[in-house]
Amino acid sequence: MALALMLIIVHGTAAFAGSGTALQEKSITGRVVSTSGESIPGVSILVKGTTHGTISDIDGNFTLSDVRSEDILVFSFIGMKEVEVTVGDQTNLEVTMEDAVIGVDEVVVVGYGTQKKSDITGSVSSVSEERLAKIPVSNVMQAVQGAVSGVSVTQVSSIPGEAPQVLVRGGGSLTASTEPYVVVDGIPISKMGGSINDINPNDIKSIEILKDASATAIYGMNGANGVILITTKSGKSSKPTIKYSGYLGVEEFANIPEMVSTDELLARYAEGNRINGSPLYEAPVKYQYEVENYKNGHTIDWIDEVSQTGIQQNHNISISGGSENLSYYISGDLLDQKGVVKGYNYKRNSIRTNIDAQVTSYLKIGTNSSIVYHNRDGGRANLLNAEAMSPYGRMYEDDGTYTIYPMFGETLWANPMLPTTTSPERRQFNVNLNGFAYVTFGDIWKPLTGLTYRLNAGHSTIQSRNSNYTGQSVNDLLGTATISRSETQAYTIENILRYDYDVNKHHIDLTGVYSSQERVYNTNWAQASDFVNDELGWDRMQAGASSSVSSYADRYAAISQMGRLNYSYDSRYLFTVTVRRDGSSVFADGMKYGTFPSVALGWNIRHEGFMANAEKITNLKLRLSYGKSGNEAVSVYRTFTTMADRQIPFGGSTNIAMVTDRLGNSDLSWETKESFNLGLDFGFFNNRINGSLDVYSANNSDLLLSRKLPSASGFGSVTANIGETSTKGIELTLNTVNVATTNFKWNSSIVFSNSKSEITELYGDGLDDIGSGWFLGEPIGVIRDYKKIGIWQEDEITNGDHLDWDPVAKPGDVKVADISGPDGVPDGVITDDDRVILGQTAPKWTGGLTNTFAYKNFTLNVFIQTVQGAMRNNSHIGMAADEIERRNSFAEIGYWTPENQSNEWRSLNKNSNPHGYGFPVKNNFTRIKDITLNYDVPQHLLDKAGISALSLYLSGRNLYTFTDWIGWDPEERDTQRGWNNWEINYPAVRTVVFGINLTL
């Protein structure tokens, strides 16, 4: 492909060069003025498709030589509308440029319709198509990460095909989901079984994120956590346009912690023998299977064994176009990722068809449908176990099979390569069939001008299958086969009636919505074990001597009505009021419905007469909003007392009995979020400086929490409406045009978000819930632990300094502060009373800085992300001390000995952390997130080859992270031995890709 393109470009260049001598060139002079007749200096004048140009002088005059009659001159200036002029026979031009307030007249999606940005009263952030196109990602939210204020996108795992976590304005619920509600082309995918991961980023035209109550109230019970509106691309009335977008890239770990050296490992073995009496099989090694490799001087890099160079590639082809009455956009996409940890694979194949047809003058119909296939097959290497392996461990048996326990006789950690001998299937197939009909009544009867009706209908089917067999190769001597299948059927129907009316300076639009949703889910699971051999697998589960099956099904339904009024006077005074009523099947009769109102005001100060002479102020708008939104916050059937089946031996046989397993609560009702937002949109110097500032406050009440019950009740807990939280924050977006000349431009964008949550009420008794980690007056997620102040030293113990402080302390133990006793003063003993709030798990603030440099046909985009003020327990440091002396670990983690007398690291004594300190540390970081260099091939080189556009780019992601975190990455998932979820242990990766965008 690349070679063919190069030949086309060379051929086109030669053809152009051969004919250029026959064209007559001339000089063009002229003047550029504003609509008021004033000269405009510094206007960029370029021959379209080239870098040949000039700049107007202080009087607006310009001269440009070597211009042909068929050339088109492009006039551009910050804050002015771009003008194109065909040269023809002209030699002197008078060009008039109009003001273009950037972004203010931009039309954005606001839910059930669109609005001019200047008329929006709520807090809405947009992600441009340009940013989406220039950052190659497999999940579109990766392109949003750090680029939108108030939206936290965390890539807790880089597992191929796994979506990042998204949080809008910090959430506010304690136990309910905090994920935002996602709507694609008017049809929700949240709660219907879908995922953002189903959407091909190449198909997306725009993303709007609704954040405050005024913006989200139209989605009522679904708006409490913010709303993400995704609009996919559509065709235009033009000849067919074929586009190809593709990239090929390599991946590696963004950071590989240094493991201890062989000498350091042997020293740990010796120290463990000294302090714990841990035996050495044959000094200096600890385990039987280490002896041979130690004597032969052979070592194994286990991290290297389980990893590989990751490869990802994406190929997307689309065709779009249309006629006066028909437009279409059809695309096909193939994404293929081979992860950096062996066995982690992901393939996504998708097809999208968007068709709009103007059937009559008043009726338009269309479809926005897609089919997506996900494949995550493959046995995955165990990175968690690889971290623990001794470099002297044994990899293979004599017959070439993997050794089960490389450090035998240690059986806590199996060979990390064992899972790669299995071939599990993880597959999902999604079919989304969506359609709409749009009626303009004014084209039926003129008095009804402004009245429209839109019907949105969507149906989705999601089928998934997971199959696995484990046998002797992974130390399952009897063999176990498992199959699970699930299916989700969902539909959405929305009726949207809208009326727009303009008279003089007044504008009114009314929107009414009636919608219904339903999701039906079912799953079945089967397992068999004790097979005669490992060849049968899950395809003949009846060959297992023992088996078990289970199944489950549920149904969810919702119905909603919404009314919204938007009013503006002279685009100066703006008013929006919204009321939505939702009914949900998760609640009992009498509690199913909730009503959620909102109101918002806007004042376009710049449009006032007294601002007429404030030429330096381009845009100034004040926004104020208040409203409520809801959250169902519980899964289906929580209002019912449910029963479970149990096998009970009786009369010499096993019988099935039904027992109550969960107490229902028919009084459960809506969790409600009450929000206030004050915003300011601004622009100065023809919008060379522009942005927005928002201050918000939100209170979540009637939280749906699990309340503990007395044991005499027969139940451990019941879900009830109790508790309140509050969230306050500030968001800033600042965009600047730093330099703008003919050949060079430099733009910057800064986003900043600060959010603070607080639990204001729990159970009405004024008490904390220590077991759940909830504390009144504190953030929702906190670290409550002892305050570590060092390590106990030998002389301190000898002098008895510990006796009135921590009587059980030994040299090398963690030293924690004696802060408080039952009466609130230090009592000479370490108890739970000495635990204090050390920090919060959510960041105190986040920020992003994007710099875009454009020189002629080159564009360099540099994005830096920072996350500050968060804390988490570091399980790498916090693992049991006697475990550290039995395994490999990170070299940066040391240990106390009588010789080094460390005051940072504890000893390897198995009880050196007697109080269970969790080793919390700050996980702040600043990351060079993305750097992309793009080259647009000059148009005059492409015209002769019939190519409309061609760009090439080189992009790097997660290039470097500045952090004090010890481990793989400050955002890594926290998983430990014995948690049985080792597959999620997959740290951040660094990606470098080369891509091409071609338009015919």
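Can you confirm whether the stretch 656-670 contains a residue that is under 25 Å from GLU724 (Cβ atoms), modelled with pLDDT of 85 or more and crowded, with 22+ Cβ neighbours inside 10 Å? Checked against the condition, which is being under 25 Å from GLU724 (Cβ atoms), modelled with pLDDT of 85 or more and crowded, with 22+ Cβ neighbours inside 10 Å, the stretch 656-670 yields at least one hit.
Going by the conditions given, is PHE925 modelled with pLDDT of 95 or more, of a type in the set (Phe, Trp, Tyr) and buried (at least 16 other Cβ atoms within 10 Å of the Cβ)? Walk me through it before giving the result.
Values: modelled with pLDDT of 95 or more: yes; of a type in the set (Phe, Trp, Tyr): yes; buried (at least 16 other Cβ atoms within 10 Å of the Cβ): yes.
Yes: the conditions hold for PHE925.
Note on the stretch 401-436: among residues that are assigned to a strand (DSSP E or B) and touching a helix residue (DSSP H, G or I) at 6+ places or on another chain (Cβ under 7 Å), the one that is surrounded by the fewest Cβ atoms within 10 Å (Cβ to Cβ) is TYR402. Scanning the stretch 14-46 for residues that are crowded, with 17+ Cβ neighbours inside 10 Å, modelled with pLDDT under 85 and assigned to a strand (DSSP E or B) returns a single hit, SER44.
If the requirement is being open to solvent by less than 30 Å² (accessible area, probe 1.4 Å), without any contact (Cβ under 8 Å) to a residue 24 or more places away in the chain, over 30 Å from PHE752 (Cβ atoms) and not polar (S, T, N, Q), which of these qualifies: ALA644, ALA612? After applying the criteria, what remains is ALA644.
The numbered conditions (1) open to solvent by less than 60 Å² (accessible area, probe 1.4 Å); (2) within 26 Å of ASP974 (Cβ to Cβ); (3) touching a residue at least 12 places away in the same chain (Cβ under 8 Å) are all true for ASP769 except (3).
When the stretch 949-964 is filtered for residues that are open to solvent by 50 Å² or more (accessible area, probe 1.4 Å) and closer than 30 Å to ASP71 by Cα, only LEU952 remains. In this structure, SER158 qualifies as over 30 Å from SER697 (Cβ atoms), at pLDDT 80 or above and buried (at least 23 other Cβ atoms within 10 Å of the Cβ). The set of residues in the stretch 179-223 being crowded, with 22+ Cβ neighbours inside 10 Å, under 26 Å from THR672 (Cβ atoms) and among the polar types (S, T, N, Q) consists of SER214, THR216, ASN222. In the stretch 840-949, counting only helices (runs of 4 or more DSSP H) that sit wholly within it, the ones holding 1 or more residues that are more than 30 Å from VAL829 (Cα to Cα) and in contact with a Leu (Cβ under 9 Å, 6 or more places away or on another chain) span 939-942. Of all residues in the stretch 396-416, those being in contact (Cβ under 8 Å) with a residue 40 or more places away in the chain and either closer than 24 Å to ASN980 by Cβ or among the aromatic types (Phe, Trp, Tyr) (or both) number 13. Counting only residues that are open to solvent by less than 50 Å² (accessible area, probe 1.4 Å), in a loop (DSSP other than H, G, I, E, B) and touching a Lys or Arg at 6+ places or on another chain (Cβ under 8 Å), the stretch 793-830 holds 5 of them.
Out of all the residues in the stretch 873-887, which are open to solvent by 40 Å² or more (accessible area, probe 1.4 Å) and under 24 Å from the mean Cα position of the chain (by Cα)? Answer for the stretch 873-887, where residues must be open to solvent by 40 Å² or more (accessible area, probe 1.4 Å) and under 24 Å from the mean Cα position of the chain (by Cα): just ASN873.
Please work out which residue is surrounded by the fewest Cβ atoms within 10 Å (Cβ to Cβ), limiting yourself to the stretch 344-400 and to residues that are in contact with a helix residue (DSSP H, G or I) (Cβ under 9 Å, 6 or more places away or on another chain), over 27 Å from GLY458 (Cα atoms) and of a type in the set (Gly, Ala, Ser). Before the answer, list the steps.
Just the residues of the stretch 344-400 that are in contact with a helix residue (DSSP H, G or I) (Cβ under 9 Å, 6 or more places away or on another chain), to begin with: 344, 348, 350, 352, 354, 360-363, 370, 372, 374, 378-395.
If we keep only those that are over 27 Å from GLY458 (Cα atoms) as well, we get 344, 378-395.
Checking which are of a type in the set (Gly, Ala, Ser) leaves us with 378-379, 381, 386, 388, 390, 393.
On the way: GLY378: 21, GLY379: 19, ALA381: 26, ALA386: 24, ALA388: 23, SER390: 28, GLY393: 24.
Checking each candidate, the answer is GLY379.
Residue check: is ASP930 farther than 27 Å from ASP785 by Cα and in contact with a Gly (Cβ under 8 Å, 6 or more places away or on another chain)? Outline the logic, then answer.
On the way: farther than 27 Å from ASP785 by Cα: yes; in contact with a Gly (Cβ under 8 Å, 6 or more places away or on another chain): yes.
Answer is yes for this residue.
The C-beta contact set for the stretch 176-191 (first residue more than 18 Å from VAL140 (Cα to Cα), second residue among the aromatic types (Phe, Trp, Tyr), distance under 8 angstrom, 6+ apart or interchain) comprises LYS191/TYR181; LYS191/TYR556. As a summary of the residue check, PRO257 satisfies the conditions (1) assigned to a loop (DSSP other than H, G, I, E, B); (2) crowded, with 20+ Cβ neighbours inside 10 Å except for the one numbered (2).
Determine, yes or no, whether ARG555 is under 23 Å from ILE189 (Cα atoms) and loosely packed, with under 15 Cβ neighbours inside 10 Å. Lay out the reasoning, then the answer.
On the way: under 23 Å from ILE189 (Cα atoms): yes; loosely packed, with under 15 Cβ neighbours inside 10 Å: yes.
Here the answer is yes, as ARG555 does meet what is asked.
Residue pairs whose Cβ atoms lie under 7 Å apart, separated by 6 or more positions or on different chains, with the first residue in the stretch 57-76 and open to solvent by 60 Å² or more (accessible area, probe 1.4 Å) and the second assigned to a loop (DSSP other than H, G, I, E, B) and not β-branched (Val, Ile, Thr), are ASP57/PRO41; ILE58/PRO41; ASP66/HIS52.
The values are calculated or read from the model by the stated rules, or taken from the named source; none is laboratory data. Computed from a predicted structure; not experimentally measured. Please note: Cβ atoms are built from the backbone with ideal geometry, for glycine as well, and neighbour counts cover all protein chains shown. Please note that ligands, DNA and RNA were not included when accessible areas were found on the heavy atoms of the full protein model with its side chains. Shrake-Rupley method; radii C 1.70, N 1.55, O 1.52, S 1.80 Å.
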